[in-house]
1. Hey, rough spin-label estimate for Arg221 and Arg295, points 7 angstrom out along Cα→Cβ, what's it come to in nanometres?
2. Probe radius 1.4 Å, ligands and nucleic acids ignored: give me the carbon and sulfur share of the accessible area of segment 150-326 as a rounded percent.
3. Using DSSP to define loop residues, name the GluC sites (Glu not before Pro) in segment 180-265 whose beta-carbon has at most 16 other beta-carbon atoms within 10 Å.
4. With just the Cα atoms defining each centre, how far is segment 186-238 from segment 147-170? Give it in Å.
5. Measure nothing but the geometry: give the 0 to 90° angle between the long axis through the Cα atoms of 202-213 and the longest principal axis through the Cα atoms of the chain, rounded to 10°.
6. Along segment 10-27, what does the Karplus equation 6.51 cos²θ - 1.76 cosθ + 1.60 (θ = phi - 60°) give for ³J(HN,Hα), rounded to whole Hz, x for Gly and Pro?
7. Just to be sure I understand: of the beta bridges DSSP finds with both ends in the chain, what percent are antiparallel, rounded to 5?
8. Compute the long axis of helix 150-159 from its Cα atoms, compare it with the longest principal axis of the Cα atoms of the chain, and write down the angle in degrees, 0 to 90, nearest 10.
Amino acid sequence: MTNKMEVGILGATGMVGQQFIRFLEGHPWFEITWLGASGRSAGKRYSDAAKWNLSGDAPDRIRSMQVTESVAGNSVPKLLFSAMDASVATEIERAFAAAGHIVVSNSSNHRMEPDVPLLVPEVNACHLRILPWQKQLRGWQGAIVTNPNCSTVTLTMALGPLKPFGIRRVIATTMQAVSGAGYPGVPSMDILGNIVPYIGKEEEKMQEETQKILGTATSERIEPLDALVSAHCNRVAVIDGHTVAVSVEFESNPSQAEVIEALQSFRGEPQKRNLPSAPAAPVHYLPEQDRPQPRRDAERERGMACSVGRLRPCPVLHWKFVALAHNTIRGAAGAAVLNAELMFVEGLLDG
Ligand code: NAP
């Protein structure tokens, strides 16, 4: 017997679903008791339904669990992590929320809806205050909460500490890992020894999600930050870790020491509340001239921290730097688990 909270995973067989399984293994509060996927996988043992793409094997307990079709029902836990294919996530996530489930989703489908929190808990935990409005508006017993696109999370973790300087304009150029495209992702002939300067809808997502995350929430709306954000998104031959080269213009013109101090001293609700998946420091400033690098820095703090380096004056805007975070952990499964932990301590998973 366990007194942990039972949780389920929608899209459990996919790339991010597997990261959820690995990230939740041994979690002090949550235990996976339900695995959902498509009708193609339903009824199969997990080990037969999923092609495990992570290092090592899936945990034995999970390997022998049966995968279920993604339909709300009595045996489905209240808290569900969602990593479903975007083509089906809208309707299925809504059906679960209507049936009383709390859906903590990775999919892009609901992120920009005005009554749905798009959380980076260190940066905008207060956006959860919109949830009662979402339930009232939609007549749901449950709710949907989302985490950002994997490149947006890198950018907003680095910009969050700098918000007090008044962010006016941002230019962000990404170098995104292939794991961000799921499995099998970009064909090897397209990416090896190459760069693909296009990721469908990624630039639009990064621009508008950044404004929403850095915006201000009332109990009935989220006012996006009034800053211009321009993103260039590129796929590169890296396995894990999205790197973003950023230039920023501020309302004030902080000194280099002030920017570094803001990054290094930054702490948010997950750190104040000592949440199990919270990195001790959300942002690590690296003084070495050639860091951060995906192979060396993506796994920092279990893949939950953002690494920032190369802060230097920008001749066009005020400051430029390089930021890096792990795209399938901090940019997907780990982000959603941290959101759920915050909701747990806020009492939003009760009842
Ligand atoms: P993926 O590997 O293609 O996995 C998709 C999952 O959706 C599988 O479990 C699949 O189940 C399930 N699914 C497909 N059709 C379904 C249906 N009709 N009903 C129920 N489940 C269905 O994709 P992924 O890379 O893990 O991405 C999952 C989601 O997370 C996407 O929305 C993506 O945009 C988002 N995301 C991905 C990343 C990343 O780094 N990869 C980061 C952030 C967000 P079957 O195996 O049964 O087909």
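The values are calculated or read from the model by the stated rules, or taken from the named source; none is laboratory data. Quick caveat, the model's predicted, so the values are computed rather than measured. Positions of Cβ are generated from backbone atoms using ideal geometry, with glycine treated the same way; all protein chains shown enter the neighbour counts. The area values use the complete protein model at the heavy-atom level, side chains included, leaving out ligands, DNA and RNA. Shrake-Rupley method; radii C 1.70, N 1.55, O 1.52, S 1.80 Å.
1. About 5.0 nm, to one decimal.
2. C and S atoms contribute 51 percent here.
3. Qualifying residues, ordered by number: Glu220, Glu251.
4. Segment 186-238 and segment 147-170 have Cα centres separated by 11 Å.
5. Roughly 90 degrees between the two axes.
6. Couplings: 8, x, 5, 8, x, 4, 6, x, 5, 5, 4, 4, 5, 5, 7, 4, x, 4 Hz.
7. DSSP beta bridges in the chain are roughly 45 percent antiparallel.
8. Tilt relative to the chain: about 40 degrees.
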